[in-house]
Ligand code: ATP
Ligand code: FE
(Lines give C-alpha, C1' and ligand atoms only; values in the text may rest on other atoms or scores of the structure.)
(Ligands and ions follow the chains in the order given, each with its own letter.)
Protein backbone atom coordinates (compact mmCIF):
# COMPACT_ATOMS: atom_id res chain seq x y z
CA UNK A 1 0.00 0.00 0.00
CA UNK A 2 1.35 3.42 -0.99
CA UNK A 3 -0.25 6.43 0.74
CA UNK A 4 0.31 10.07 -0.14
CA UNK A 5 -0.42 12.19 2.94
CA UNK A 6 -1.02 15.94 3.03
CA UNK A 7 -0.94 18.12 6.18
CA UNK A 8 -1.88 21.81 6.04
CA UNK A 9 -3.69 22.52 9.31
CA UNK A 10 -1.67 25.50 10.48
CA UNK A 11 1.43 27.17 9.08
CA UNK A 12 3.46 24.26 7.71
CA UNK A 13 2.77 22.71 4.31
CA UNK A 14 3.73 19.05 4.51
CA UNK A 15 3.54 15.96 2.33
CA UNK A 16 4.74 12.40 2.87
CA UNK A 17 4.68 9.09 1.05
CA UNK A 18 4.36 5.87 3.05
CA UNK A 19 4.80 2.28 1.97
CA UNK A 20 2.59 0.47 4.48
CA UNK A 21 3.85 1.74 7.88
CA UNK A 22 7.24 2.87 6.57
CA UNK A 23 7.97 6.47 5.63
CA UNK A 24 9.54 6.84 2.18
CA UNK A 25 9.58 10.65 2.24
CA UNK A 26 8.53 13.37 4.66
CA UNK A 27 8.72 16.93 3.34
CA UNK A 28 7.83 20.08 5.30
CA UNK A 29 7.85 23.66 4.06
CA UNK A 30 7.89 26.02 7.04
CA UNK A 31 6.27 29.40 6.60
CA UNK A 32 8.78 31.83 8.03
CA UNK A 33 6.61 34.80 7.06
CA UNK A 34 4.68 34.61 10.37
CA UNK A 35 7.72 35.10 12.60
CA UNK A 36 7.76 38.86 12.05
CA UNK A 37 4.13 39.10 13.27
CA UNK A 38 4.70 37.13 16.49
CA UNK A 39 2.12 34.49 15.59
CA UNK A 40 0.41 32.77 12.69
CA UNK A 41 -1.56 35.12 10.42
CA UNK A 42 -4.35 32.93 8.95
CA UNK A 43 -4.69 34.84 5.64
CA UNK A 44 -0.97 34.62 4.99
CA UNK A 45 -0.93 30.95 5.97
CA UNK A 46 -3.52 29.93 3.38
CA UNK A 47 -1.77 31.97 0.69
CA UNK A 48 1.55 30.30 1.46
CA UNK A 49 -0.07 26.85 1.43
CA UNK A 50 -1.35 27.61 -2.07
CA UNK A 51 2.15 28.52 -3.20
CA UNK A 52 3.83 25.57 -1.49
CA UNK A 53 1.48 22.66 -1.92
CA UNK A 54 2.37 21.61 -5.48
CA UNK A 55 6.18 21.80 -5.03
CA UNK A 56 5.97 20.05 -1.62
CA UNK A 57 3.91 17.16 -2.99
CA UNK A 58 6.18 16.90 -6.03
CA UNK A 59 9.20 16.75 -3.75
CA UNK A 60 7.60 14.06 -1.55
CA UNK A 61 6.83 11.86 -4.58
CA UNK A 62 10.27 12.43 -6.08
CA UNK A 63 12.11 11.62 -2.84
CA UNK A 64 10.02 8.48 -2.40
CA UNK A 65 10.73 7.60 -6.03
CA UNK A 66 7.02 6.89 -6.54
CA UNK A 67 4.85 7.78 -9.53
CA UNK A 68 1.36 9.18 -8.83
CA UNK A 69 -0.11 6.18 -10.63
CA UNK A 70 1.36 3.83 -7.99
CA UNK A 71 -0.54 5.48 -5.12
CA UNK A 72 -3.23 3.44 -3.32
CA UNK A 73 -4.95 6.37 -1.54
CA UNK A 74 -4.65 10.05 -0.58
CA UNK A 75 -4.88 11.00 3.11
CA UNK A 76 -5.34 14.60 4.27
CA UNK A 77 -5.86 16.52 7.51
CA UNK A 78 -9.57 17.22 7.97
CA UNK A 79 -9.08 19.23 11.19
CA UNK A 80 -8.67 20.72 13.72
CA UNK A 81 -6.86 23.76 12.40
CA UNK A 82 -7.24 27.03 10.52
CA UNK A 83 -10.08 26.75 7.99
CA UNK A 84 -8.27 28.58 5.18
CA UNK A 85 -5.23 26.34 5.65
CA UNK A 86 -7.20 23.10 5.88
CA UNK A 87 -9.13 23.93 2.70
CA UNK A 88 -5.97 24.12 0.60
CA UNK A 89 -4.94 20.59 1.62
CA UNK A 90 -8.39 19.05 1.38
CA UNK A 91 -9.16 20.58 -2.03
CA UNK A 92 -5.89 19.33 -3.40
CA UNK A 93 -6.40 15.85 -1.90
CA UNK A 94 -9.93 15.61 -3.30
CA UNK A 95 -8.88 16.63 -6.81
CA UNK A 96 -5.93 14.25 -6.89
CA UNK A 97 -7.96 11.30 -5.54
CA UNK A 98 -10.64 12.00 -8.13
CA UNK A 99 -8.14 12.30 -10.97
CA UNK A 100 -6.33 9.10 -9.98
CA UNK A 101 -9.59 7.27 -9.13
CA UNK A 102 -8.27 6.17 -5.73
CA UNK A 103 -9.76 6.37 -2.19
CA UNK A 104 -9.74 9.59 -0.17
CA UNK A 105 -9.02 9.38 3.58
CA UNK A 106 -9.73 12.13 6.15
CA UNK A 107 -7.46 12.28 9.21
CA UNK A 108 -7.90 13.98 12.58
CA UNK A 109 -4.68 15.91 13.25
CA UNK A 110 -4.74 15.12 16.99
CA UNK A 111 -5.16 11.38 16.35
CA UNK A 112 -2.17 11.67 14.05
CA UNK A 113 0.03 13.28 16.73
CA UNK A 114 -0.73 10.18 18.85
CA UNK A 115 -0.58 7.47 16.18
CA UNK A 116 2.76 8.77 14.86
CA UNK A 117 4.17 6.17 17.28
CA UNK A 118 3.02 3.42 14.90
CA UNK A 119 5.35 4.52 12.11
CA UNK A 120 7.85 1.71 11.57
CA UNK A 121 11.17 3.28 12.47
CA UNK A 122 14.41 1.56 13.38
CA UNK A 123 15.20 1.95 17.07
CA UNK A 124 11.66 2.99 18.02
CA UNK A 125 9.21 0.63 19.75
CA UNK A 126 5.49 0.86 19.18
CA UNK A 127 3.21 1.11 22.22
CA UNK A 128 0.70 -1.65 22.93
CA UNK A 129 -2.96 -0.95 23.64
CA UNK A 130 -4.04 0.34 26.07
CA UNK A 131 -1.62 3.22 26.60
CA UNK A 132 -1.83 6.82 27.74
CA UNK A 133 -0.94 9.58 25.28
CA UNK A 134 0.12 13.01 26.44
CA UNK A 135 -0.43 15.31 23.48
CA UNK A 136 1.31 18.60 23.96
CA UNK A 137 1.23 21.01 21.06
CA UNK A 138 0.63 24.59 20.01
CA UNK A 139 -3.13 24.29 20.28
CA UNK A 140 -3.76 21.32 22.59
CA UNK A 141 -2.81 19.71 25.88
CA UNK A 142 -4.53 16.38 26.38
CA UNK A 143 -4.16 13.11 28.22
CA UNK A 144 -5.79 10.46 26.08
CA UNK A 145 -6.53 6.85 26.94
CA UNK A 146 -5.82 4.90 23.75
CA UNK A 147 -7.51 1.49 23.57
CA UNK A 148 -7.19 1.00 19.83
CA UNK A 149 -6.33 2.85 16.63
CA UNK A 150 -9.75 4.45 16.58
CA UNK A 151 -10.76 3.92 20.19
CA UNK A 152 -9.47 6.94 22.10
CA UNK A 153 -10.89 8.86 25.07
CA UNK A 154 -9.72 12.24 26.32
CA UNK A 155 -9.39 11.90 30.11
CA UNK A 156 -7.79 15.29 30.78
CA UNK A 157 -7.24 18.51 28.87
CA UNK A 158 -6.39 22.16 29.27
CA UNK A 159 -9.09 24.52 30.43
CA UNK A 160 -7.32 27.52 28.85
CA UNK A 161 -3.93 27.80 27.09
CA UNK A 162 -2.04 24.86 25.56
CA UNK A 163 1.48 23.98 26.75
CA UNK A 164 2.94 25.24 23.47
CA UNK A 165 1.24 28.58 24.08
CA UNK A 166 2.66 28.66 27.61
CA UNK A 167 6.13 28.25 26.12
CA UNK A 168 5.54 30.76 23.32
CA UNK A 169 3.89 33.41 25.52
CA UNK A 170 6.58 33.11 28.20
CA UNK A 171 9.20 33.50 25.49
CA UNK A 172 7.41 36.60 24.22
CA UNK A 173 7.55 38.15 27.70
CA UNK A 174 11.32 37.56 27.62
CA UNK A 175 11.51 39.32 24.25
CA UNK A 176 12.34 36.12 22.36
CA UNK A 177 11.05 35.79 18.77
CA UNK A 178 8.10 33.59 17.77
CA UNK A 179 7.83 30.62 18.10
CA UNK A 180 9.67 30.81 21.40
CA UNK A 181 9.28 27.19 22.58
CA UNK A 182 12.47 25.86 20.97
CA UNK A 183 14.44 28.90 22.24
CA UNK A 184 13.24 28.46 25.83
CA UNK A 185 14.40 24.84 25.51
CA UNK A 186 17.81 25.93 24.18
CA UNK A 187 18.47 28.47 26.97
CA UNK A 188 17.00 26.18 29.65
CA UNK A 189 19.73 23.65 28.94
CA UNK A 190 22.28 26.21 30.17
CA UNK A 191 20.37 27.38 33.25
CA UNK A 192 19.42 26.36 36.78
CA UNK A 193 15.86 24.97 36.89
CA UNK A 194 15.55 25.82 40.58
CA UNK A 195 16.75 29.44 40.24
CA UNK A 196 13.23 30.90 40.41
CA UNK A 197 10.00 29.39 41.66
CA UNK A 198 6.64 29.87 39.98
CA UNK A 199 3.49 28.64 41.64
CA UNK A 200 1.75 25.77 39.91
CA UNK A 201 -1.98 26.10 39.16
CA UNK A 202 -4.45 24.08 41.21
CA UNK A 203 -6.76 22.33 38.79
CA UNK A 204 -8.89 19.38 39.89
CA UNK A 205 -8.56 15.94 38.29
CA UNK A 206 -6.60 15.40 35.11
CA UNK A 207 -7.27 18.81 33.56
CA UNK A 208 -4.62 21.49 33.04
CA UNK A 209 -4.42 25.27 33.19
CA UNK A 210 -1.54 27.34 31.84
CA UNK A 211 -2.85 30.89 31.59
CA UNK A 212 -2.04 31.68 35.25
CA UNK A 213 1.58 30.67 34.79
CA UNK A 214 2.02 33.17 31.97
CA UNK A 215 0.60 35.95 34.19
CA UNK A 216 2.81 34.88 37.11
CA UNK A 217 5.87 35.06 34.86
CA UNK A 218 4.86 38.49 33.55
CA UNK A 219 4.45 39.97 37.06
CA UNK A 220 7.67 38.33 38.24
CA UNK A 221 9.64 39.83 35.35
CA UNK A 222 8.08 43.27 35.77
CA UNK A 223 8.92 43.29 39.48
CA UNK A 224 12.51 42.17 38.91
CA UNK A 225 13.00 44.73 36.15
CA UNK A 226 12.12 47.53 38.58
CA UNK A 227 15.15 46.48 40.66
CA UNK A 228 17.38 45.68 37.70
CA UNK A 229 16.53 46.84 34.15
CA UNK A 230 18.91 44.19 32.76
CA UNK A 231 17.29 41.37 34.73
CA UNK A 232 16.19 39.39 31.65
CA UNK A 233 19.49 39.72 29.78
CA UNK A 234 21.51 38.71 32.84
CA UNK A 235 19.30 35.74 33.75
CA UNK A 236 17.86 34.40 30.49
CA UNK A 237 19.16 30.86 30.99
CA UNK A 238 17.96 30.59 34.60
CA UNK A 239 14.56 32.10 33.80
CA UNK A 240 14.04 29.71 30.88
CA UNK A 241 15.20 26.72 32.92
CA UNK A 242 12.82 27.65 35.76
CA UNK A 243 9.84 28.17 33.45
CA UNK A 244 10.50 24.87 31.69
CA UNK A 245 10.94 23.08 35.01
CA UNK A 246 7.57 24.37 36.25
CA UNK A 247 5.80 23.32 33.03
CA UNK A 248 7.35 19.85 33.22
CA UNK A 249 6.27 19.48 36.86
CA UNK A 250 2.69 20.43 35.95
CA UNK A 251 2.66 17.80 33.18
CA UNK A 252 4.29 15.11 35.35
CA UNK A 253 1.90 15.66 38.28
CA UNK A 254 -1.07 14.98 36.00
CA UNK A 255 0.59 12.03 34.28
CA UNK A 256 1.28 10.42 37.65
CA UNK A 257 -2.35 10.90 38.60
CA UNK A 258 -3.51 9.46 35.26
CA UNK A 259 -1.34 6.37 35.78
CA UNK A 260 -2.75 5.98 39.29
CA UNK A 261 -6.35 6.31 38.10
CA UNK A 262 -6.10 4.04 35.04
CA UNK A 263 -3.40 1.59 36.12
CA UNK A 264 -1.84 2.05 32.67
CA UNK A 265 1.93 2.50 32.77
CA UNK A 266 2.70 2.91 29.08
CA UNK A 267 3.03 6.59 28.25
CA UNK A 268 3.47 8.00 24.77
CA UNK A 269 4.05 11.69 24.14
CA UNK A 270 3.25 13.56 20.96
CA UNK A 271 2.81 17.04 19.49
CA UNK A 272 5.29 19.84 18.93
CA UNK A 273 6.22 20.33 22.58
CA UNK A 274 7.36 16.69 22.82
CA UNK A 275 10.44 17.93 20.97
CA UNK A 276 11.42 19.58 24.27
CA UNK A 277 14.67 18.14 25.63
CA UNK A 278 13.65 18.58 29.29
CA UNK A 279 10.38 16.72 28.80
CA UNK A 280 12.15 13.94 26.93
CA UNK A 281 14.76 13.54 29.65
CA UNK A 282 12.16 13.62 32.45
CA UNK A 283 10.09 10.92 30.78
CA UNK A 284 13.13 8.72 30.27
CA UNK A 285 13.94 9.08 33.99
CA UNK A 286 10.36 8.12 34.82
CA UNK A 287 11.00 4.67 33.35
CA UNK A 288 13.42 3.89 36.18
CA UNK A 289 11.74 6.04 38.82
CA UNK A 290 8.15 4.82 38.41
CA UNK A 291 8.51 1.69 36.29
CA UNK A 292 6.75 3.27 33.32
CA UNK A 293 7.43 2.39 29.72
CA UNK A 294 7.67 5.62 27.79
CA UNK A 295 7.49 6.30 24.06
CA UNK A 296 9.14 9.40 22.70
CA UNK A 297 8.71 10.03 18.99
CA UNK A 298 11.51 10.65 16.54
CA UNK A 299 12.14 14.39 16.43
CA UNK A 300 10.75 14.91 12.90
CA UNK A 301 7.42 13.32 13.91
CA UNK A 302 6.81 15.69 16.85
CA UNK A 303 6.00 19.04 15.23
CA UNK A 304 3.54 19.13 12.36
CA UNK A 305 4.39 16.68 9.59
CA UNK A 306 2.58 14.58 7.01
CA UNK A 307 4.13 11.22 7.92
CA UNK A 308 1.85 11.11 10.97
CA UNK A 309 -1.15 11.79 8.71
CA UNK A 310 0.08 8.97 6.48
CA UNK A 311 0.24 6.37 9.26
CA UNK A 312 -3.37 7.10 10.23
CA UNK A 313 -4.20 6.98 6.51
CA UNK A 314 -2.62 3.53 6.30
CA UNK A 315 -4.69 2.23 9.25
CA UNK A 316 -7.85 3.72 7.76
CA UNK A 317 -6.98 2.19 4.39
CA UNK A 318 -6.77 -1.25 6.00
CA UNK A 319 -10.17 -0.80 7.65
CA UNK A 320 -11.61 0.92 4.56
CA UNK A 321 -12.55 4.18 6.26
CA UNK A 322 -12.96 6.15 3.02
CA UNK A 323 -14.64 9.48 2.26
CA UNK A 324 -16.51 10.86 -0.72
CA UNK A 325 -15.42 14.18 -2.22
CA UNK A 326 -18.19 15.94 -0.30
CA UNK A 327 -16.26 15.49 2.98
CA UNK A 328 -15.77 18.90 4.67
CA UNK A 329 -12.83 20.43 6.53
CA UNK A 330 -13.48 21.23 10.18
CA UNK A 331 -11.71 23.92 12.21
CA UNK A 332 -12.95 22.08 15.30
CA UNK A 333 -13.57 18.39 15.11
CA UNK A 334 -15.15 15.77 17.33
CA UNK A 335 -12.34 13.73 18.90
P1 ATP B 1 -2.03 21.56 17.23
O2 ATP B 1 -1.28 20.33 16.92
O3 ATP B 1 -2.57 21.60 18.62
O4 ATP B 1 -3.05 21.89 16.19
P5 ATP B 1 0.23 23.00 16.21
O6 ATP B 1 0.13 21.99 15.13
O7 ATP B 1 0.34 24.44 15.88
O8 ATP B 1 -0.98 22.79 17.22
P9 ATP B 1 2.70 21.71 16.82
O10 ATP B 1 3.34 21.98 15.51
O11 ATP B 1 2.33 20.32 17.12
O12 ATP B 1 1.44 22.64 17.11
O13 ATP B 1 3.63 22.31 17.95
C14 ATP B 1 4.07 23.66 17.89
C15 ATP B 1 4.38 24.10 19.30
O16 ATP B 1 5.46 23.33 19.82
C17 ATP B 1 4.77 25.57 19.40
O18 ATP B 1 4.08 26.14 20.48
C19 ATP B 1 6.28 25.48 19.69
O20 ATP B 1 6.78 26.56 20.44
C21 ATP B 1 6.35 24.20 20.48
N22 ATP B 1 7.70 23.62 20.50
C23 ATP B 1 8.41 23.14 19.46
N24 ATP B 1 9.64 22.72 19.86
C25 ATP B 1 9.68 22.93 21.20
C26 ATP B 1 10.68 22.70 22.23
N27 ATP B 1 11.85 22.16 21.94
N28 ATP B 1 10.36 23.06 23.49
C29 ATP B 1 9.16 23.59 23.79
N30 ATP B 1 8.20 23.84 22.89
C31 ATP B 1 8.45 23.52 21.62
FE1 FE C 1 0.06 19.85 15.45
* In region 89-111, which residue that is assigned to a helix (DSSP H, G or I), away from ligand 2 (no atom under 16 Å from the Cβ) and in contact (Cβ under 8 Å) with a residue 24 or more places away in the chain is surrounded by the fewest Cβ atoms within 10 Å (Cβ to Cβ)? -> 98
* Asked: Would region 7-20 turn up any residue that is over 19 Å from residue 313 (Cβ atoms), within 14 Å of ligand 1 (Cβ to nearest atom), in a loop (DSSP other than H, G, I, E, B) and at pLDDT 95 or above?
  -> no
* Among the residues of region 111-127, how many are closer than 13 Å to residue 270 by Cβ, away from ligand 1 (no atom under 15 Å from the Cβ) and out of contact with any helix residue (DSSP H, G or I) (no Cβ under 6 Å at 6 or more places or on another chain)? -> 1
* Asked: Which residue, of 51, 31, 70, 36, is more than 22 Å from residue 137 (Cβ to Cβ) and modelled with pLDDT under 95?
  -> 36
* Check on residue 122, without any contact (Cβ under 8 Å) to a residue 12 or more places away in the chain, over 14 Å from the mean Cα position of the chain (by Cα), outside any strand (DSSP E or B) and surrounded by fewer than 15 Cβ atoms within 10 Å (Cβ to Cβ) -> yes
* Failed item, numbered, when residue 114 is tested on (1) closer than 28 Å to residue 334 by Cα; (2) touching a strand residue (DSSP E or B) at 6+ places or on another chain (Cβ under 9 Å); (3) in a loop (DSSP other than H, G, I, E, B) -> (3)
* Which is within 16 Å of ligand 2 (Cβ to nearest atom), more than 19 Å from residue 310 (Cβ to Cβ) and part of a helix (DSSP H, G or I), of 34, 49? -> 34
* Extreme residue, nearest to ligand 1 (Cβ to nearest atom), among residues of region 318-335 that are within 26 Å of residue 29 (Cα to Cα) and buried (at least 16 other Cβ atoms within 10 Å of the Cβ) -> 333
* To do: For region 26-40, indicate whether the set of residues that are crowded, with 20+ Cβ neighbours inside 10 Å and either over 18 Å from the mean Cα position of the chain (by Cα) or over 21 Å from residue 300 (Cα atoms) (or both) is non-empty.
  => no
* Just to be sure, is residue 119 within 16 Å of ligand 2 (Cβ to nearest atom) and within 29 Å of residue 68 (Cβ to Cβ)? -> yes
* Asked: Does any residue of region 131-143 turn out to be out of contact with any helix residue (DSSP H, G or I) (no Cβ under 9 Å at 6 or more places or on another chain) and crowded, with 23+ Cβ neighbours inside 10 Å?
  -> no
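Among the candidates 281, 307, 268, which residue alone is under 12 Å from residue 134 (Cβ atoms) and either within 16 Å of ligand 1 (Cβ to nearest atom) or at pLDDT 95 or above (or both)?
Values: 281 fails: under 12 Å from residue 134 (Cβ atoms); 307 fails: under 12 Å from residue 134 (Cβ atoms).
Of 281, 307, 268, the one residue that is under 12 Å from residue 134 (Cβ atoms) and either within 16 Å of ligand 1 (Cβ to nearest atom) or at pLDDT 95 or above (or both) is 268.
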* Structure fact -> Scanning region 69-87 for residues that are assigned to a helix (DSSP H, G or I) and crowded, with 23+ Cβ neighbours inside 10 Å gives 85, 86
* Where residue 229 falls short, out of the listed (1) under 17 Å from residue 192 (Cα atoms); (2) assigned to a loop (DSSP other than H, G, I, E, B) -> (1)
* Structure fact -> residue 312 meets each of (1) in contact (Cβ under 8 Å) with a residue 60 or more places away in the chain; (2) out of contact with any helix residue (DSSP H, G or I) (no Cβ under 9 Å at 6 or more places or on another chain) with one exception, condition (2)
* Structure fact -> Flagged pairs (Cβ under 7 angstrom, 6 or more apart or on separate chains; first in region 177-203, under 30 Å from residue 33 (Cα atoms); second within 16 Å of ligand 2 (Cβ to nearest atom) and assigned to a loop (DSSP other than H, G, I, E, B)) are 178/39; 185/276
* **Top-ranked residue in region 243-289 [being closer than 16 Å to residue 127 by Cβ, assigned to a helix (DSSP H, G or I) and over 18 Å from the mean Cα position of the chain (by Cα); ranked as nearest to ligand 2 (Cβ to nearest atom)]** => 258
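The values are calculated or read from the model by the stated rules, or taken from the named source; none is laboratory data. The structure displayed is predicted, hence computed values, not measured ones. With ideal geometry, Cβ positions are generated from the backbone for all residues, glycine too; neighbour counts draw on all protein chains shown.
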